[in-house]
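J.: Before I ask anything, let me first share the structure, which is written out below as structure tokens.
The values are calculated or read from the model by the stated rules, or taken from the named source; none is laboratory data. From a predicted model like this one, the values you see are computed outputs, not experimental measurements. Here the Cβ positions follow ideal geometry from the backbone for every residue, glycine too, while neighbour counts run over all protein chains shown.
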Amino acid sequence: MERSIRVLRVGQRYVRDDRTLTHLCLVSRALGAEAIYLEDAEKDVTGTLADVNRTWGGDFQVILGSPWRKVLKEAREEGRAVVHLTMYGIPIQEKAAELRNLEKVLVVVGGPKVPGRVYHESDFNVSVTSQPHSEIAALAIVLHEMQGGEELKRTFQKSRLRILPSARGKRVVET
Ligand SMILES: C[S@@+](CC[C@H](N)C(=O)[O-])C[C@H]1O[C@@H](n2cnc3c(N)ncnc32)[C@H](O)[C@@H]1O
């Protein structure tokens, strides 16, 4: 099954944390998502990801400035299931099988404060342990569970460099 996974980051910090946003982008790209929506970020974040695409391939998109309400509305209109990650949700191990059957998904991760409407408007509220931790870690685990490990075998088209995995050292070739 050809899956389409998009990620939405909801909620701002008082001081914008571009390092966290960059890591959310990198994890989304590496683990099989096609795009991430960020409400607000420095252009540096999009620049970094454009460089990563140029060097390592693929066409992962960073979409800035879309209000979360609009992204949720569009997801519903195109039949995309909304999976919100929250420590208050149902454990991922109880939902993984169901999530693996979804073709189009919007995974929503929060910042420090997530509006109540996100909980009510999501099709699934899912937790990765019922303990507080990081949105980056939660996202990685849910993307992995949702794709049953298939995302680890993915190749990225049109890269400039490609890694030859090796037990020791670094082997990189130009493509
Ligand atoms: C700093 S946490 C804020 C915690 C927030 N009170 C909550 O609802 O989970 C930022 C984001 O990390 C994610 N997160 C944190 N702990 C999680 C967990 N145990 N399971 C799933 N997602 C989690 C959620 O997306 C959350 O919005």
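J.: Out of (1) away from the ligand (no atom under 15 Å from the Cβ); (2) part of a helix (DSSP H, G or I), what's the single condition that is false for residue 140?
T.: (1)
J.: Outside any helix (DSSP H, G or I) and buried (at least 16 other Cβ atoms within 10 Å of the Cβ): does that describe residue 48?
T.: Considered against the rule, which asks whether it is outside any helix (DSSP H, G or I) and buried (at least 16 other Cβ atoms within 10 Å of the Cβ), residue 48 comes out as no.
J.: Okay, moving on. Of the residues that sit in segment 78-100 and are more than 10 Å from the ligand (Cβ to nearest atom) and part of a helix (DSSP H, G or I), which one is farthest from residue 150 (Cα to Cα)? Spell out how you get there, then give the answer.
T.: Filtering segment 78-100 for residues more than 10 Å from the ligand (Cβ to nearest atom) gives 78-83, 90, 93-100.
Cutting the leftovers down to part of a helix (DSSP H, G or I) gives us 93-100.
Working: 93: 17, 94: 19, 95: 17, 96: 14, 97: 14, 98: 16, 99: 14, 100: 11 Å.
Here the residue is 94.
J.: Considering only residues of segment 114-137 that are polar (S, T, N, Q) and part of a loop (DSSP other than H, G, I, E, B), which is surrounded by the most Cβ atoms within 10 Å (Cβ to Cβ)?
T.: Top of the filtered list is 122.
J.: Something else: When residue 148 is evaluated against the numbered criteria (1) among the small types (Gly, Ala, Ser); (2) away from the ligand (no atom under 16 Å from the Cβ); (3) more than 18 Å from residue 33 (Cβ to Cβ), which criterion, by number, is the only one it fails?
T.: For residue 148, the exception is condition (3).
J.: Now a separate question. Name the residues in segment 37-60 that are among the basic types (Lys, Arg) and at pLDDT 95 or above, would you?
T.: Within segment 37-60, just 54 meets the criteria.
J.: Six or more apart or on different chains, Cβ under 8 Å: which pairs go from a residue in segment 121-137 that's within 17 Å of residue 111 (Cβ to Cβ) and of a type in the set (A, V, I, L, M, F, W, C) to one that's within 8 Å of the ligand (Cβ to nearest atom) and assigned to a loop (DSSP other than H, G, I, E, B)? Could you list them?
T.: 137/128
J.: Further question on the same structure: Among the residues of segment 117-137, write down those that are more than 11 Å from the ligand (Cβ to nearest atom) and among the hydrophobic types (A, V, I, L, M, F, W, C).
T.: 124
J.: Can you tell me which of (1) in contact with a strand residue (DSSP E or B) (Cβ under 8 Å, 6 or more places away or on another chain); (2) on the phi < 0 side of the Ramachandran plot; (3) more than 16 Å from the ligand (Cβ to nearest atom); (4) touching a residue at least 40 places away in the same chain (Cβ under 8 Å) is the one residue 60 doesn't meet?
T.: Result: residue 60 passes all but (4).
J.: Taking residue 31 and the conditions (1) surrounded by fewer than 14 Cβ atoms within 10 Å (Cβ to Cβ); (2) under 25 Å from residue 153 (Cβ atoms), which numbered condition does it fall short on, given that it satisfies the others?
T.: (1)
J.: Anything in segment 1-45 that is assigned to a strand (DSSP E or B), closer than 26 Å to residue 113 by Cα and not aromatic (Phe, Trp, Tyr)? List them, or say none.
T.: Listed by number, the residues that qualify are 5, 6, 7, 8, 9, 10, 35, 36, 38.
J.: Moving on. So residue 40 clears everything in (1) closer than 30 Å to residue 161 by Cβ; (2) surrounded by fewer than 14 Cβ atoms within 10 Å (Cβ to Cβ) except one condition, right? Which one?
T.: Result: residue 40 passes all but (1).
J.: Let me ask another. In this structure, is residue 36 touching a strand residue (DSSP E or B) at 6+ places or on another chain (Cβ under 6 Å) and more than 17 Å from residue 85 (Cα to Cα)?
T.: Judged against the criteria, residue 36 is not a match.
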